[in-house]
1. For residues in segment B:183-199 being aliphatic (A, V, I, L, M) and within 21 Å of A:Gly452 (Cβ to Cβ), which is nearest to the ligand (Cβ to nearest atom)?
2. Applying the selection to segment B:229-275, what residues are within 14 Å of chain A (Cβ to nearest Cβ) and of a type in the set (Asp, Glu)?
3. Determine whether B:Gly210 is farther than 16 Å from B:Ile125 by Cβ, more than 8 Å from chain A (Cβ to nearest Cβ) and out of contact with any His (no Cβ under 7 Å at 6 or more places or on another chain).
4. Go through segment A:276-320 and count every residue that is within 11 Å of chain B (Cβ to nearest Cβ), without any contact (Cβ under 8 Å) to a residue 60 or more places away in the chain and part of a helix (DSSP H, G or I).
5. Hand me the list of helices (runs of 4 or more DSSP H) wholly inside segment A:363-447 holding 1 or more residues that are farther than 28 Å from A:Phe324 by Cα and more than 18 Å from the chain's Cα centre (by Cα).
6. Suppose we filter B:Ile309, B:Ile325, B:Ile347 for residues that are under 25 Å from B:Gly129 (Cβ atoms), more than 14 Å from chain A (Cβ to nearest Cβ), assigned to a helix (DSSP H, G or I) and touching a Leu at 6+ places or on another chain (Cβ under 7 Å); which single one remains?
7. Residue check: is A:Ser156 more than 14 Å from chain B (Cβ to nearest Cβ) and either buried (at least 23 other Cβ atoms within 10 Å of the Cβ) or in contact with a strand residue (DSSP E or B) (Cβ under 8 Å, 6 or more places away or on another chain) (or both)?
8. If you go through segment B:129-167 one residue at a time, how many are within 16 Å of the ligand (Cβ to nearest atom) and over 17 Å from A:Pro74 (Cα atoms)?
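The values are calculated or read from the model by the stated rules, or taken from the named source; none is laboratory data. Quick caveat, the model's predicted, so the values are computed rather than measured. Cβ sites come from the backbone with ideal geometry, for glycine too, and all protein chains shown count toward neighbours.
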Amino acid sequence: MAEVITHETEHHHYEPGHEKTLGAKIARWVFTTNHKDIGTLYLWLSFLMFFVAGGMALLIRTELFMPGARFISPEFFNQMTTMHGLIMVFGVVMPALTGLANWQIPLMIGAPDMALPRLNNWSFWLLPFAFLLLISTFFIEGPAPNFGWTFYAPLSTQYGPPSTDFMIFAIHLMGLSSIMGAINIIATIINMRAPGMSYMKMPVFAWSWFITAFLLLGIMPVLAGCVTMMLTDRHFGTSFFNAAGGGDPLLFQHLFWFFGHPEVYVLILPAFGIISEILPTFSRKKIFGYRFMVYAIVVIAVLSYVVWAHHMFTTGIPLASELFFMYATMIIAVPTGVKVFNWTATMFKGSLSFETPMLFAIGFLFMFTFGGFSGLMLAIVPADVQYQDSYFVVAHFHYVLMSGSVYAIMAAIYYWLPKWCGYMYCEKLGKWHFWLTTLGMNITFFVMHFLGLAGMPRRIPDYPLQFEDFNRIATIGAFILGFSQLIFLYNVIKTIRGKNRVKASAEVWEGHHGLEWTVASPAPYHTFSTPPKID
Amino acid sequence: MRLISYWRWFVSVLLLAITPYALAHGESKFNLPKGVTPISHDIYDLHMTIFWICVGIGVIVFGVMIYTLIYHRKSRGVKPAQFHEHTLVEIVWAVIPLLILVAMAIPATLVLIRMNDTTEADINIKVTGYQWKWQYEYLDHGISYFSNLSTPRDELENRKPTKGQWYLLEVDKPLVVPIHKKIRFLVTANDVVHSWWVPSLGIKRDAIPGFIYEAWARIEKPGTYRGQCAELCGVNHGFMPIVVKAVTEEEYNKWIAEQTQQKTAAAQLSTKSLTKDELMTLGKKVHDTNCAVCHKVDGSGMPPAFPAITGSHIATGPIAKHIDIVLNGKLGTAMQAFGSQLSDADIAAVVTYQRNALGNSKGDMVNTQEIKAARVKEKN
Ligand SMILES: [Cu+2]
């Protein structure tokens, strides 16, 4: 059936780059249904938001450079922590991963495009408006959302500023976008694999996104329901989260984390996929234990639905629940461990070389594992009573998100950029970027473990004197971390413009594997119009 | 080579910088406090066990990775091996961690069960989180008071070159408890979610409006133990510390007796008329401790969220409305009902003060009896 359709449209292939007027140039991007264009749009949006939310992080760290300082007011500080978190999760990591999925999944499974191209266009174009709406809250009367990215009720309901409603609507838009994106990925993977590419021959990256998409379908409606309940509590007289009206503030936390916990796997599973592509390439060796890598992702995804209350160990949930959620959380360490061991085994006895994507992948391997250890500690409920809501948690989730998801995304960009634009990036700048980022990252977040253990709560704009020295160190690290991203931006732009003059071959990497390296570099606007043969 | 020597230099400076701290402070700057309750010791032990388990696994895993990074490089001319599958190995490295986890889960479960056992308490204290202070109620003695941050404003606003040792960790009235007694805390909140966290007691309990959850402690050593609110609760989340003073049983009984006496004295004061000067002096005190977090010491507030008292149409309008908003608060805003927190005298004083100071000069005043009458009227 699919063949008939491609046949019809084959003759009208549109090629970009010949638009004469500005209007036509803009229209190309607004109306595009091409998976490569849409992938590019997602990635640029994410890049932009990365600097916006990163700037917020630097404001936060500047305020925390010394006790008592009032570089920004406590009110604005709370807005910064809230927006930094919301934008990094929904505006940076999720769009970047979706952008990578758009570019790569069709190329990796031998499909001409995503299964639902128009839906694809819409799921991207909802996002800029969602973020405009979210960021517009800084310019309307009253404070922007100031209750943390977890927006716990009743701080965000009865006590939330008027801008909360804007945030709710923005979240609805993002959710809609994610759901459509997820449907598209599922439809693409089920229907558009090249003949002969069975599920168990699919690249791990495609597998990881396939499963992530199901996670998204499961959780985004819950988030939408949760924020809608907030909205009706705020304006229509309901009391879902208001004890005075017969509701329960804890219901909010249950709903939020039922979304929130699988969400962190939405952020990390595709990163697992990326690492599973990159390590074999630069080890010149096949991925170790492909089947188990896939099973592990499935197991993690399933378990991720039943661990949400580990974010609520101090709320007073019953003993039996605490035990259940502790055991379930600890068990997640098993499939995650399997993944780490398999990656290590992939490198073991390989023939390693250390181009920038590999450096970031190795950085991921070390630091994500490190973050996994603190995660294991957090799973032990009695100990979590001390760690919860302290800087220990902040350290933990930055190790798994920043040096986990974000490192994987950076690795992916260096890895596939030559394929996308046909030029090699500058290896020297790439190495500088990696080492400065890693230095900044560890200076910033390593000391936060100490701060948390010594008793510093998170989200405070000022702190007792005993926390001064580590906060100073963290702030210095944050600036190194932040500013080294400019190297990244410069390198990417330079590469796209072809300023490095080094043309990329179709294979790009010596140890390449997979269909994406069988098409020319830069990848033509239309690829796999006739499906490739897989043996 | 150069890089390696820089690295060494960096590490040694770091170690040199860190060591004095590690030695100088009794309570470690790097680790959890061991604490002063059986539960906090248990937590500490669990924390160290899981920490060393992680270190052990880390040494092996990172060791293999580093070995690979050094010895299996293309630049050394290594040819890649061909293996890429081994089911037995997969099963082994799934099962071993599982066994370690089970071994870890057993002690954790036992401690957790102990933590949840709040029965047979000797003393019951209700802890209520407010924006942004804590209320302590001794349920067995009918004593109740608020505990506010007492760090001087000069320090908070950087008008003093140095800050006191307990900057942001000091309160006007600490929670006083006896040692060697099982104390049960009933934790709740009045407005938003807070969290009552005292690391040395091994307690962090979220304070959730409308619900009461419990925690307990049996303190082994007299001393002062400090903590902070751990759940984001609005602008002044960082400014609602917790101070627990643990004393011997004798001292505790003495303190209880004192408090009971003070309560009777305060009740008497509440029926007495005060002069305007007395009202103004008391009013300033009440305003600065109870109202200034939102309305500021000088009454300028933080509009639009927290209105100014200076020139406010309520503080310069009919006095009945002014009394009403202080007594009953305003539902759905941060303006709490102070009727349940302050005595008649306090409310009379703060209203009088706000109308005749902070840039206002209404000239009128209100006295204790009128507040009492307002309360009675409301009941009917
Ligand atoms: Cu609080």
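1. Applying the first criterion (aliphatic (A, V, I, L, M)) to segment B:183-199 yields B:183, B:186-187, B:189, B:192-193, B:198.
Next, only the ones that are within 21 Å of A:Gly452 (Cβ to Cβ) stay: B:193, B:198.
On the way: B:Val193: 8, B:Val198: 14 Å.
Filtering first and then ranking leaves B:Val193.
2. Kept after step one, since they are within 14 Å of chain A (Cβ to nearest Cβ), are these residues of segment B:229-275: B:229-244.
Correct list: B:Glu231 only.
3. On the way: farther than 16 Å from B:Ile125 by Cβ: yes; more than 8 Å from chain A (Cβ to nearest Cβ): no; out of contact with any His (no Cβ under 7 Å at 6 or more places or on another chain): yes.
Taking the combined requirement at face value, the residue does not satisfy it.
4. 6
5. On the way: elements: A:381-387, A:391-400, A:407-421.
Per the criteria, A:407-421.
6. On the way: B:Ile309 fails: assigned to a helix (DSSP H, G or I); B:Ile325 fails: touching a Leu at 6+ places or on another chain (Cβ under 7 Å).
After applying the criteria, what remains is B:Ile347.
7. Details: more than 14 Å from chain B (Cβ to nearest Cβ): no; either buried (at least 23 other Cβ atoms within 10 Å of the Cβ) or in contact with a strand residue (DSSP E or B) (Cβ under 8 Å, 6 or more places away or on another chain) (or both): yes.
Taking the combined requirement at face value, the residue does not satisfy it.
8. Number of matching residues: 8.
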